[in-house]
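Reading through the structure tokens given below for one structure.
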Amino acid sequence: MKHTVAHMFSVDDTELHYRTDGARGKPCLVLSNSLGTDLSMWDAQAAALAGDYFVVRCDTRGHGQSAGGGAPFGIDRLGLDVVALLDHLDVAQAAFCGISMGGLTGQWLGIHQPQRLTRLVLANTAARIGAADAWLARADQVRRAGMDGVADGAAARWFTPAFIAREAATVARMIATLRGQDAEGYAACCAALAQADMRAAVGSISVPTLIIAGEYDPVTTVEDGRWLQQRIAGARLASLPASHLSNVEAGALFSAQLRTFLS
């Protein structure tokens, strides 16, 4: 990759970490990570697309090198972080691709900030992910006991058994990233997911939208993706042979879907 730059910027009195790949004059593509990961989860897509796009990745607040900000926040705050990053980079419009929690952020942007988007990709996500009680229980768990309990069971949620066996080093690296996350930042995002519900408003999204689902995803299913497709006018649905982190497990296919949709 060329022109790789990593920086911090401040929004809402919170320092957030971002990285750019590719030339600033190219069309902008923003990539938004899932719960418990950091911007490195998009390495394959940045490598594949930086020749043609100005690829921007940001550690979601509370994750990676981004601070959490202390006060509770919702998905709206994560969406406004993206808007603030675009403003910081003097980018008027960008394509946006978010996975899982990042997909909920993308839905919020499509509903509330469509003028900032050229295209929208919602990967391995749903208008409502899980139940509020379960998210609040997980937040309480990590605040009390740290990240180990969540990290111990994550591989089976994120990847298929075949990928875990075949790509042990990749899986180990991502689980280590999860284990090293700030527990309070992770818990704050769990609390945001507990209240995030786009079901009543997602039908208002008018930005051209691609939905990507994992055929073996136990968290956000192909049916969840189809539900979104049926409510977002003109949305396309693609399914990949992967579990929840389809951009990692089926990286080349995921990148090809992005390239085709964005071109």
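The values are calculated or read from the model by the stated rules, or taken from the named source; none is laboratory data. In this text the structure is predicted, and so the values were computed from the model without any measurement. Note that we place each Cβ from the backbone using ideal geometry, even for glycine, and neighbour counts take in every protein chain shown. Note: areas computed on protein heavy atoms with side chains; ligands, DNA, RNA excluded. Shrake-Rupley method; radii C 1.70, N 1.55, O 1.52, S 1.80 Å.
Where helices (runs of 4 or more DSSP H) fall wholly inside the range 150-263, the ranges with 3 or more residues that are touching a residue at least 40 places away in the same chain (Cβ under 8 Å) and of a type in the set (G, A, S) are 183-195, 251-262. For the structure I just gave you, tell me whether L120 is under 25 Å from E184 (Cβ atoms), at pLDDT 95 or above and not in a loop (DSSP other than H, G, I, E, B). Against the criterion (under 25 Å from E184 (Cβ atoms), at pLDDT 95 or above and not in a loop (DSSP other than H, G, I, E, B)), L120 does not qualify.
Among the residues making up the range 78-99, those that are part of a helix (DSSP H, G or I), more than 14 Å from the chain's Cα centre (by Cα) and of a type outside the set (G, A, S) are L80, V83, L85, L86, D87, H88.
Applying the condition of being open to solvent by less than 10 Å² (accessible area, probe 1.4 Å) and among the small types (G, A, S) to the range 33-49 and asking which residue is nearest to Q107 (Cα to Cα) yields S34. Residues in the range 109-126 that are open to solvent by 30 Å² or more (accessible area, probe 1.4 Å) and without any contact (Cβ under 8 Å) to a residue 60 or more places away in the chain: how many? Number of matching residues: 4. All told, V11 falls short of being open to solvent by 10 Å² or more (accessible area, probe 1.4 Å), touching a helix residue (DSSP H, G or I) at 6+ places or on another chain (Cβ under 7 Å) and within 29 Å of G214 (Cα to Cα). Evaluated against (1) open to solvent by 10 Å² or more (accessible area, probe 1.4 Å); (2) in contact with a Lys or Arg (Cβ under 8 Å, 6 or more places away or on another chain); (3) over 20 Å from T209 (Cα atoms); (4) modelled with pLDDT of 95 or more, Q65 falls short on exactly one condition, (2). Scan (1) modelled with pLDDT under 95; (2) in a loop (DSSP other than H, G, I, E, B) for the single condition H7 breaks and write down its number. Failing condition for H7: (2).
Could you say whether any residue in the range 205-212 is within 26 Å of L109 (Cβ to Cβ), out of contact with any Ser or Thr (no Cβ under 8 Å at 6 or more places or on another chain), surrounded by fewer than 16 Cβ atoms within 10 Å (Cβ to Cβ) and among the polar types (S, T, N, Q)? Yes.
With the structure loaded, tell me whether D140 is among the charged types (D, E, K, R), surrounded by fewer than 19 Cβ atoms within 10 Å (Cβ to Cβ), out of contact with any helix residue (DSSP H, G or I) (no Cβ under 8 Å at 6 or more places or on another chain) and over 24 Å from S40 (Cβ atoms) or whether it fails that test. Judged against the criteria, D140 is not a match. Of the residues that make up the range 224-243, is at least one touching a Lys or Arg at 6+ places or on another chain (Cβ under 8 Å), under 26 Å from G70 (Cβ atoms) and surrounded by fewer than 24 Cβ atoms within 10 Å (Cβ to Cβ)? No, the conditions are met nowhere in the range 224-243. Whether any residue in the range 91-108 is touching a Lys or Arg at 6+ places or on another chain (Cβ under 8 Å), open to solvent by 10 Å² or more (accessible area, probe 1.4 Å), over 22 Å from A235 (Cα atoms) and touching a residue at least 24 places away in the same chain (Cβ under 8 Å) is what I want to check. Checked against the condition, which is being touching a Lys or Arg at 6+ places or on another chain (Cβ under 8 Å), open to solvent by 10 Å² or more (accessible area, probe 1.4 Å), over 22 Å from A235 (Cα atoms) and touching a residue at least 24 places away in the same chain (Cβ under 8 Å), the range 91-108 yields at least one hit.
Return a yes/no flag: does the range 163-177 have any residue that is farther than 22 Å from A238 by Cα, surrounded by 15 or more Cβ atoms within 10 Å (Cβ to Cβ) and among the charged types (D, E, K, R). Yes - at least one qualifying residue is present in the range 163-177. Out of the range 10-50, which residues are of a type outside the set (A, V, I, L, M, F, W, C), in contact (Cβ under 8 Å) with a residue 12 or more places away in the chain and not in a loop (DSSP other than H, G, I, E, B)? T14, E15, H17, Y18, R19, T20, D21, S32, S40, Q45, listed by residue number.
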